[in-house]
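In what follows, a single structure is set out as structure tokens and then discussed.
The values are calculated or read from the model by the stated rules, or taken from the named source; none is laboratory data. Here the structure is a predicted model, which means the values were calculated and not measured. As a convention, Cβ positions derive from the backbone with ideal geometry for all residues, glycine included, and neighbour counts pool all protein chains shown.
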Amino acid sequence: MRSNMKNLYYDVVIAGCGVAGLYAALNLPEEMNILMLSKKDLESCDSMLAQGGICVLRDESDYDSYFEDTMRAGHYENRKESVDIMIRSSRDVINDLLNFGVRFAKNPDGSLAYTREGAHSRPRICFHEDITGKEITTTLLSHVKKCSNVTILEYTTMTDILVDGGKCTGMAAETKEGETLHIHADNTIMATGGIGGLYEHSTNFPILTGDACRIAKEHGVELEHMDYVQIHPTCLYSKKPGRSFLISESARGEGAVLLNHKGERFVNELLPESPDCGKGVQSNLFGRTGTTGCKAALYPAQGRAQGKKERGSKTTGGGDLYAHKHQSS
């Protein structure tokens, strides 16, 4: 039996209620009628899981270093124009988030405090404790919920786009009750995240299945650099199925080191001037040393001899939130 079908009409439809979708909604004109779709409940969103923080251009003297760090992390395959936009706009984005009420860490004099993460040659990461993603997402969500022009549908999954005359005219979706929605809209935004939920071992929610990428491919939209998947080499080791608990890369940025099951340091966790840098190279090293998916230890820079706890090292499909999402733009 064919499921019920309903037609809905909006100016904008957005698939995804993470930081990207919420920020888009808040930056659209208030006179636009907006519909947002959340695949599960609003809390089951990978933006909520991001720990480390967002990188930002500290000042003009930081530009060349930031640009080179980003290009090197992307093996110089990045689009230089995109990297420039990311860097140049990062300060405005941070100021926007501050104006929305995001509580980034600050120094005693009121200036922003910065930490450091892998592939960065200097501290330039804005953060809130160890739950930066949750802080940003919940803050933006609180503002979106106050918008009279925005409607949010939870447990509603984008299944396709609507096409008329070779033009995208909206989105098809399905509710948890099995009802099909045809959402007609002048503007369609896909903010569904990455593919981390497809991995056997991942720090992502299982619902993160690359829906936008799949639908784009099915409609002949060109996809670029699909082999670039952000990984995090550190999470709490567990044999249980489902999402693993992420250990933020900020731990490595602050000086923690990775040891394999023999107690040997086998990867340079941080330095961008080293050939063993960044997540892409780290994933290759894990594979070559047989460490992927096995127990390893992450020890803090201070007091490594005390209170050693065995933790896990597994490849994942995503995790921390970057300024404009990814260093390898």
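Is one or more of the residues making up segment 207-216 in a loop (DSSP other than H, G, I, E, B), more than 30 Å from Ser82 (Cβ to Cβ) and either in contact with a strand residue (DSSP E or B) (Cβ under 9 Å, 6 or more places away or on another chain) or hydroxyl-bearing (Ser, Thr, Tyr) (or both)? Spell out the reasoning first.
First, the residues of segment 207-216 that are in a loop (DSSP other than H, G, I, E, B): 207-210.
Subsequent filtering for residues that are more than 30 Å from Ser82 (Cβ to Cβ) retains none.
Scanning segment 207-216 turns up no residue that is in a loop (DSSP other than H, G, I, E, B), more than 30 Å from Ser82 (Cβ to Cβ) and either in contact with a strand residue (DSSP E or B) (Cβ under 9 Å, 6 or more places away or on another chain) or hydroxyl-bearing (Ser, Thr, Tyr) (or both).
Report, by residue number, each residue of segment 30-59 that is under 21 Å from Asn78 (Cα atoms) and either over 16 Å from the mean Cα position of the chain (by Cα) or among the basic types (Lys, Arg) (or both). Lay out the reasoning, then the answer.
Within segment 30-59, the subset under 21 Å from Asn78 (Cα atoms) is 54-57.
Within segment 30-59, just Leu57 meets the criteria.
Only one residue in Gly101, Gly133 is farther than 26 Å from Lys6 by Cα, in contact (Cβ under 8 Å) with a residue 12 or more places away in the chain and surrounded by 16 or more Cβ atoms within 10 Å (Cβ to Cβ), so which one is that?
After ruling out the rest, the residue left standing is Gly133.
Quick one: in segment 24-61, which of the residues that are in a helix (DSSP H, G or I) and of a type outside the set (D, E, K, R) is surrounded by the fewest Cβ atoms within 10 Å (Cβ to Cβ)? Even if it seems obvious, please write down each step before you answer.
Of segment 24-61, the ones in a helix (DSSP H, G or I) are 24-26, 46-49, 60-61.
If we keep only those that are of a type outside the set (D, E, K, R) as well, we get 24-26, 47-49, 61.
Values: Ala24: 17, Ala25: 25, Leu26: 17, Ser47: 25, Met48: 19, Leu49: 24, Ser61: 8.
Filtering segment 24-61 for residues that are in a helix (DSSP H, G or I) and of a type outside the set (D, E, K, R), the one surrounded by the fewest Cβ atoms within 10 Å (Cβ to Cβ) comes out as Ser61.
Being part of a loop (DSSP other than H, G, I, E, B), at pLDDT 65 or above and among the acidic types (Asp, Glu), is that true of even one residue in segment 242-254? Can you show your working first?
Our first condition is that a residue be part of a loop (DSSP other than H, G, I, E, B); within segment 242-254, this holds for 242-245, 247-249, 254.
If we keep only those that are at pLDDT 65 or above as well, we get 242-245, 247-249, 254.
Then keep just the ones that are among the acidic types (Asp, Glu); that gives 249, 254.
Among the residues of segment 242-254, at least one is part of a loop (DSSP other than H, G, I, E, B), at pLDDT 65 or above and among the acidic types (Asp, Glu), which makes the answer yes.
Just one of His128, His143, His120, His75 is more than 22 Å from Ser248 (Cα to Cα), in contact (Cβ under 8 Å) with a residue 40 or more places away in the chain, assigned to a loop (DSSP other than H, G, I, E, B) and not hydroxyl-bearing (Ser, Thr, Tyr); which is it?
So the residue among His128, His143, His120, His75 that is more than 22 Å from Ser248 (Cα to Cα), in contact (Cβ under 8 Å) with a residue 40 or more places away in the chain, assigned to a loop (DSSP other than H, G, I, E, B) and not hydroxyl-bearing (Ser, Thr, Tyr) is His75.
Here's the yes/no breakdown for (1) in contact with a Phe, Trp or Tyr (Cβ under 9 Å, 6 or more places away or on another chain); (2) modelled with pLDDT under 95; (3) within 22 Å of Leu57 (Cβ to Cβ):
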position	(1), (2), (3)
Val102	no, no, yes
Lys106	no, no, yes
Arg116	no, yes, yes
Arg124	yes, no, yes
Thr138	no, no, no
Asn149	no, no, no
Leu153	no, no, no
Ile161	no, no, no
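Failed condition for Met86, given (1) under 18 Å from the mean Cα position of the chain (by Cα); (2) surrounded by fewer than 21 Cβ atoms within 10 Å (Cβ to Cβ); (3) hydrophobic (A, V, I, L, M, F, W, C), with all others met?
(2)
Looking at (1) touching a helix residue (DSSP H, G or I) at 6+ places or on another chain (Cβ under 6 Å); (2) closer than 22 Å to Met5 by Cα, which one does Ile215 not meet, given that it meets all the others?
The failed condition is (1).
Of the conditions (1) of a type outside the set (D, E, K, R); (2) in contact with a His (Cβ under 7 Å, 6 or more places away or on another chain); (3) free of Cβ contacts under 8 Å to residues at least 12 places away in the same chain, Gly166 clears all except one; give me its number.
Only one criterion in (1) of a type outside the set (D, E, K, R); (2) in contact with a His (Cβ under 7 Å, 6 or more places away or on another chain); (3) free of Cβ contacts under 8 Å to residues at least 12 places away in the same chain is unmet by Gly166, namely (2).
Checking the conditions here, which among Val221, Val229 is assigned to a loop (DSSP other than H, G, I, E, B) and under 21 Å from the mean Cα position of the chain (by Cα)? Give the derivation first.
Values: Val221 fails: under 21 Å from the mean Cα position of the chain (by Cα).
Just a single option satisfies the conditions, and that option is Val229.
With the structure loaded, tell me whether Tyr10 is among the aromatic types (Phe, Trp, Tyr) and either in contact with a Pro (Cβ under 8 Å, 6 or more places away or on another chain) or more than 23 Å from Glu135 (Cβ to Cβ) (or both) or whether it fails that test.
Working: among the aromatic types (Phe, Trp, Tyr): yes; either in contact with a Pro (Cβ under 8 Å, 6 or more places away or on another chain) or more than 23 Å from Glu135 (Cβ to Cβ) (or both): yes.
Spelling it out, Tyr10 is indeed among the aromatic types (Phe, Trp, Tyr) and either in contact with a Pro (Cβ under 8 Å, 6 or more places away or on another chain) or more than 23 Å from Glu135 (Cβ to Cβ) (or both).
What pairs come up if the first residue lies in segment 219-232 and is crowded, with 19+ Cβ neighbours inside 10 Å, the second is among the basic types (Lys, Arg), and their beta carbons are under 6 Å apart, counting only those six or more places apart or on different chains?
Between residues of segment 219-232 that are crowded, with 19+ Cβ neighbours inside 10 Å and residues that are among the basic types (Lys, Arg), the close pairs are Gln230/Lys279; Ile231/Lys279.
For segment 59-76, what are the residues that are more than 24 Å from Asn27 (Cβ to Cβ) and either in contact with a Phe, Trp or Tyr (Cβ under 8 Å, 6 or more places away or on another chain) or among the β-branched types (Val, Ile, Thr) (or both)? Reasoning before the result, please.
In the first step, residues of segment 59-76 are kept if they are more than 24 Å from Asn27 (Cβ to Cβ); the result is 59-65, 67-69, 71-76.
Listed by number, the list holds a single entry, Gly74.
When Gly170 is evaluated against the numbered criteria (1) part of a helix (DSSP H, G or I); (2) of a type outside the set (A, V, I, L, M); (3) touching an Asp or Glu at 6+ places or on another chain (Cβ under 9 Å), which criterion, by number, is the only one it fails?
All conditions pass for Gly170, except number (1).
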